Structure formats: C-alpha cells, structure tokens
1. Quick one: give the max-minus-min coordinate of the C-alpha atoms of the stretch 53-157 along each principal axis, largest first, in Å.
2. Under a point spin-label approximation (7 Å from Cα along Cα-to-Cβ), what is the D65-K96 distance to one decimal in nm?
3. Taking every pair of distinct Cα atoms and averaging 1/r, then inverting, what Kirkwood hydrodynamic radius in Å comes out for the stretch 1-94?
4. L73 versus K201, label points 7 Å from Cα toward the beta carbon: distance in nm?
5. Please calculate how many Å² of accessible area the stretch 148-220 carries per residue, with a 1.4 Å probe and no DNA, RNA or ligand atoms counted.
6. Summarise the accessible area of the chain (1.4 Å probe, protein heavy atoms) by the percent that is carbon and sulfur.
7. For a quick protection proxy, order the peptides 184-195, 243-254 by their average other-Cβ count within 10 Å, most packed first.
8. Applying 1/(1 + (r/R0)^6) with R0 = 35 Å to the Cβ-Cβ distance of K2 and H172, what FRET efficiency is obtained, to the nearest 0.05?
Amino acid sequence: MKVFSKISEVTEWRKLTNQQTVSLIPTMGALHQGHGFLIEEAKKNSDLIIVYIFPNPLQFSKNEDFDEYPSLLPGALEKDIEFCRKQGIDAVFAPKVEEIYPNGIKKITTVEPNPQLLNCLCGKARPGHFQGVLTVLLKFFNFIQPNKAFFGEKDYQQFLLVKQMIYDFNLHIEILPVKIRRESSGLALSSRNKYLSDEQKIQSAEIHQTLEEAKSLILQGKPASKIVKELNKDYFEYFEARDSETLEKKDKLPLRLFIAARIGKARLIDNIVVE
Ligand code: PAF
C-alpha cells in the first residue's frame, strides 16, 4: 500500500494509473467499520482504491469540536493507516493542513453550495460547514482525479450537495451512496460515537428507534409533519420530514426523516427513507 503526504506524490501516482478505474473514499480519519463498508462497496467495481485522510478545519466553526476530533489524537493516523492496510487499500493520501491550505483557511476561495439543498437541516444548523466540505472535496477531486467517489448516506445532505456540485461544475466523477451501517442497538456508525459514554450510547439508540417509530406511524397514514412534532425530543436539534431529492419539507410519501441530536459532546445525525 502506498502512503502519500504530498499533493505532488498523489498526482504522480494518478498519472501512472490513468488507465485504471480509481475509486476514492474521502475521510477525516478515525476510521471504523462504517468506512470498511464504503471500501467494500468500492471494491466491487474499481481497479484501485484510494482513501484520503484529512480532518478538514475549514468545515468546523470556531465553537465546534475540531481540535478534539478523534483522528487528531496522538497515534490516530498510524491506526487509520493500519486499518487501510488490513482492508487491502491501494493508496492512502494523508496530507498535513499546511499542504492543503498553505495560506491558511481565512482568505481562500470557497465553493458556494446549491442554496436550495443548503439552507435546511445541517446546512442551517452549521453555517459555513458545507462550504468547507465542498471546497476540500473539490481540491481532493482535483489532486486525485478519481472515476468514482463513495459517500455514506448517514450524511445524506452532504451526499446530495456533492452530487449537485459534480453536476454544476461538470466534473466527471460518479458519486455513489452507501447505505447506513448500524451498531446492534440501531445507532448509526460514526467517528463521533467515540465521544459517547456507555450511558450516552443507550440514549443515542433512541435516535434510530424514533425514526423507526415515526416511519411506522407515517406508513399507517399519519401526517409526517404531525408525527415529527409528537415524537420530537428536547435533545434533538432537528427532526424533519423532507423530500429525498430536493430536501423540501414533505408530508406525503415517499419522504425521508432526518434527525440531528446532541448527546454530551457528540452531535449525531441519522435518517431513514419512508416509502
Ligand atoms: O463526511 C466526511 O467525513 C467529511 O465531510 C468529508 C466528506 C471527508 C469532507 O471533509
């Protein structure tokens, strides 16, 4: 497995592999079995798989948890590289912040996400977040020139915004969604689950339980807008029913239910299709 830290190394590797189908798994590190499933999907239809590991400061606001992100802990990068080696990855690109943002992050050109998809859910709750996500992705897409890139459906709004950027900027990359993987309690796999105590893990399982309960009530014919109000909890940041493509608010099937919740230090998100 190749391990690169410089842009020049990864672009050189890509020149040498230009006849092959390369799949990219973009990550911020703290890799877990959820990433393992993205890799499994990528293996089905590609010649080579590259994982990038880059905790991206541009997508965190001042009052968010960037400095405590689990992949920044001592020894975390070595663990992530070992994880990739075990998964049979061909290349890992793990640059330092200075390599990606040589002039810092304050005065750079950023991508403005599609406003219709942006101004709700996490886009509304985390101003500037998706500008940071799309900007860093556009950079890595440029360095690596992948044929395909894989995104987990847990971050469903992110997946839609990335797909829209690919379309709007005429990029030739296939963006593929991968189903949410869960712990046995139903909690969606996430790097942020590392922040949870045993007790908080039990509470976190309520997020998926609430989605399932709401789904079954909506399938019985109850209006989605009423159900999300009735089942809302005080630690939910939002609980909304929206269209899976436009993200407009929706009462009738098919629709998707979205929750963001704060439990201790962790901000957890999850969603479920109702159709
Ligand atoms: O979903 C993530 O882990 C990040 O937002 C991504 C796509 C790697 C961009 O930093």
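1. The Cα atoms of the stretch 53-157 stretch 40, 30, 26 Å along the principal axes, largest first.
2. A separation of 2.7 nm, rounded to one decimal place.
3. Evaluated over the stretch 1-94, this radius sits at 14.0 Å.
4. 1.3 nm
5. Per residue, the stretch 148-220 has an accessible area of 50 Å².
6. The nonpolar share, carbon plus sulfur, comes to 49 percent.
7. 184-195, 243-254
8. E(calc), rounded to 0.05, equals 0.90.
The values are calculated or read from the model by the stated rules, or taken from the named source; none is laboratory data. Treat the numbers as computed from the prediction; the structure is a model and nothing was measured. Because the Cβ atoms are built from the backbone with ideal geometry, glycine has one as well, and the counts that use them run over all protein chains shown. These area figures cover heavy atoms from the full protein model, side chains too; ligands, DNA and RNA do not enter into them. Shrake-Rupley method; radii C 1.70, N 1.55, O 1.52, S 1.80 Å.
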